[in-house]
Amino acid sequence: MSRLRSEPGHRNRRLVAVAGAAVFALVSGLPATVGAQPSPPATANRDAVQFDQPGGFYDTRGLPVGAPGEVLRSEPSGLPLAVTLPGLPEVPSPLPARAQRVVYQSADVDGLPVATSGALYDSTAPWNGPGPRPTIVIGPGTQGQGDACAPSRHLETALGVNPQTGGAVPSYEQAFALVLAAQGFRVMVVDYIGLGTPGVHTYSDRVEQAHAMLDGARAARALTGDAPVVFWGHSQGGGASAAATELAPAYAPDVDLRAAYASAPPADLLAVLDHIDGSTLTGAIGYAINGMSQRFPAVRQVVDRQVNDAGRAALADIAGLCTLDLRSAYGRRTTHEWTHSGRSLGELIRSEPEALRVLDHQRIGRLRPEVPVMVAGGIHDDIIPLGQVEQLGRDWCAQGTSVHFRYETTPPVAGVTHAAAAVTNFPAALDFVTRRLAGEPAPNDCGSL
């Protein structure tokens, strides 16, 4: 495994610890901050007004329509980035990146223009690899569906507050972005379409997530110049990375994509829906249903006919929740509670041919990535079933893609195992993408999947 190169060893270890602690904060609800000290709720509410008032940074209404990836608006972070964790010394400043918020042009599933947002971390550490400094585009894991959940909104603190609930919003991807910046990578963390900006976040729509990633790469290029690109993500982000990688040849052949890492990707939504129903993340099904109802009438019709008053209230509530609040409110519930018949949403969708076609349209693995991909699946993953991750690898292998498959072995702990894989897979993923950027041949596990 390649060594971390661009920062002294003690700082790299501390940054990795920060990334791990940020994920632990997500699954436990404990505070961990990457940024300035946590803002109290009053500050969070003030910032929400500042961002969302007419003409505020995230108010994209009235912006001119640009080319895909065109930067429509940007601003630097208002405070210097710092890292603090309870009980640990602060990571010495300055951290190895300059950060800015970005609003850029993308397209929805129908190809219609839509503005979306993200955060660009321009590394100040040296890049010791060959060629120009590369850009890693991170698709975040599940953040939520309310605008307050968008990672770029919390650049200064990485720990926001959802004004709807008063609940904490840890922007854990910022920790990973800073670890990668310490290695000399430029990092673009996308918010996804409708998360932070006007409209409903479409969550599991593979096309819109792919567009946000690919146009995020273009936006980073517009701000910093040409660069090799890597896609990176875990969970929802793993699906976004996978979808972007296979859509890149058709949608964005101009992006200089070199490799991709997709950890625990939800490639088959029906399989994931069955696995997640009744888990600590049941409420994420609400995110998916809310998002697909916005784009696909067939799904909206199922909701209209089959979902009871309790289910409608839950879906409306979930639309404004970030992940920690979602886990607290809907963990271990089941979608049987949301339907007139008492059947689960998975059962109902299978009985509705048009809705079933929508979920089938979301299947990742039917297009061929043209770059090597590292795919990771957890043997004990309590959220994303391993079998459909393996099938994604097989589907790509059958089309001639070089797939390196990693089996993640964190022991089964409900509510922890899935999130922990974002940390345990990190060193192997970093090694994989670094070697691909150096031009080394990719390992290929297609014969053993």
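The values are calculated or read from the model by the stated rules, or taken from the named source; none is laboratory data. These numbers come from a predicted model, not from an experiment. Every residue, glycine among them, receives a Cβ derived from its backbone with ideal geometry; neighbour counts consider all protein chains shown. Just so you know, the surface numbers come from the protein's heavy atoms only, side chains and all, with ligands and any DNA or RNA stripped out. Shrake-Rupley method; radii C 1.70, N 1.55, O 1.52, S 1.80 Å.
Does any residue of the stretch 398-407 turn out to be among the hydrophobic types (A, V, I, L, M, F, W, C), surrounded by fewer than 21 Cβ atoms within 10 Å (Cβ to Cβ) and either touching a Gly at 6+ places or on another chain (Cβ under 7 Å) or modelled with pLDDT under 95 (or both)?
Narrowing the stretch 398-407 to residues among the hydrophobic types (A, V, I, L, M, F, W, C): 398, 403, 405.
From the residues that got through so far, the ones that are surrounded by fewer than 21 Cβ atoms within 10 Å (Cβ to Cβ) too are 398.
Those still in the list that are either touching a Gly at 6+ places or on another chain (Cβ under 7 Å) or modelled with pLDDT under 95 (or both) too: none.
Scanning the stretch 398-407 turns up no residue that is among the hydrophobic types (A, V, I, L, M, F, W, C), surrounded by fewer than 21 Cβ atoms within 10 Å (Cβ to Cβ) and either touching a Gly at 6+ places or on another chain (Cβ under 7 Å) or modelled with pLDDT under 95 (or both).
Go through the stretch 237-266 and give me each residue that's more than 14 Å from Ala217 (Cβ to Cβ) and surrounded by fewer than 24 Cβ atoms within 10 Å (Cβ to Cβ).
Applying the first criterion (more than 14 Å from Ala217 (Cβ to Cβ)) to the stretch 237-266 yields 237-239, 242, 246, 250, 261-266.
Listed by number, the list holds a single entry, Ala250.
Taking Val230, is it open to solvent by 10 Å² or more (accessible area, probe 1.4 Å), closer than 26 Å to Asn425 by Cα and of a type in the set (Val, Ile, Thr)? Break it down stepwise before answering.
Values: open to solvent by 10 Å² or more (accessible area, probe 1.4 Å): no; closer than 26 Å to Asn425 by Cα: yes; of a type in the set (Val, Ile, Thr): yes.
Criteria not met by Val230.
On the basis of being open to solvent by 10 Å² or more (accessible area, probe 1.4 Å) and either under 25 Å from Gly56 (Cβ atoms) or touching a Lys or Arg at 6+ places or on another chain (Cβ under 6 Å) (or both), does Arg218 make the cut? Before you say what the answer is, go through the steps one by one.
Values: open to solvent by 10 Å² or more (accessible area, probe 1.4 Å): yes; either under 25 Å from Gly56 (Cβ atoms) or touching a Lys or Arg at 6+ places or on another chain (Cβ under 6 Å) (or both): yes.
So Arg218 passes the test.
Looking at the stretch 412-449, which of its residues are assigned to a helix (DSSP H, G or I) and either open to solvent by 30 Å² or more (accessible area, probe 1.4 Å) or among the β-branched types (Val, Ile, Thr) (or both)? Step through it out loud before you land on a result.
Pass one, the stretch 412-449, residues assigned to a helix (DSSP H, G or I): 417-424, 426-437.
Answer for the stretch 412-449, where residues must be assigned to a helix (DSSP H, G or I) and either open to solvent by 30 Å² or more (accessible area, probe 1.4 Å) or among the β-branched types (Val, Ile, Thr) (or both): Thr417, Val423, Thr424, Pro427, Val433, Thr434, Arg435.
Report yes if Val358 is at pLDDT 95 or above and within 22 Å of Ala260 (Cβ to Cβ), otherwise no.
Working: at pLDDT 95 or above: yes; within 22 Å of Ala260 (Cβ to Cβ): no.
No: the conditions fail for Val358.
Filter the helices (runs of 4 or more DSSP H) completely within the stretch 270-370 down to those with at least 3 residues that are open to solvent by 30 Å² or more (accessible area, probe 1.4 Å) and within 28 Å of Leu159 (Cβ to Cβ). Give the derivation first.
Details: elements: 284-295, 297-306, 309-318, 323-330, 345-350, 353-361.
Where helices (runs of 4 or more DSSP H) fall fully within the stretch 270-370 and carry at least 3 residues being open to solvent by 30 Å² or more (accessible area, probe 1.4 Å) and within 28 Å of Leu159 (Cβ to Cβ), they are 323-330.
Give me the residue from the stretch 112-127 that is assigned to a loop (DSSP other than H, G, I, E, B) and either within 16 Å of Ser204 (Cα to Cα) or touching a Gly at 6+ places or on another chain (Cβ under 6 Å) (or both) and, out of that set, most open to solvent (accessible area, probe 1.4 Å). Steps first, answer last, please.
Just the residues of the stretch 112-127 that are assigned to a loop (DSSP other than H, G, I, E, B), to begin with: 112, 124-127.
Filter again for either within 16 Å of Ser204 (Cα to Cα) or touching a Gly at 6+ places or on another chain (Cβ under 6 Å) (or both), leaving 125-127.
On the way: Ala125: 4, Pro126: 68, Trp127: 41 Å².
My answer is Pro126.
It is to be established whether one or more residues within the stretch 96-111 are part of a helix (DSSP H, G or I) and either under 18 Å from the mean Cα position of the chain (by Cα) or surrounded by 23 or more Cβ atoms within 10 Å (Cβ to Cβ) (or both). Give the derivation first.
At the first step, the residues of the stretch 96-111 found to be part of a helix (DSSP H, G or I) are none.
No, that holds for no residue.
Residues in the stretch 169-195 that are open to solvent by less than 10 Å² (accessible area, probe 1.4 Å) and not hydrophobic (A, V, I, L, M, F, W, C): how many?
7
Considering only residues that are in a loop (DSSP other than H, G, I, E, B), of a type in the set (A, V, I, L, M, F, W, C) and either closer than 13 Å to Thr197 by Cα or open to solvent by 10 Å² or more (accessible area, probe 1.4 Å) (or both), which ones fall in the stretch 129-159?
Going through the stretch 129-159, the residues in a loop (DSSP other than H, G, I, E, B) turn out to be 129-134, 140-143, 145-146, 150, 155-158.
Still in the list and also of a type in the set (A, V, I, L, M, F, W, C): 150, 155, 158.
The answer is Ala150, and nothing else.
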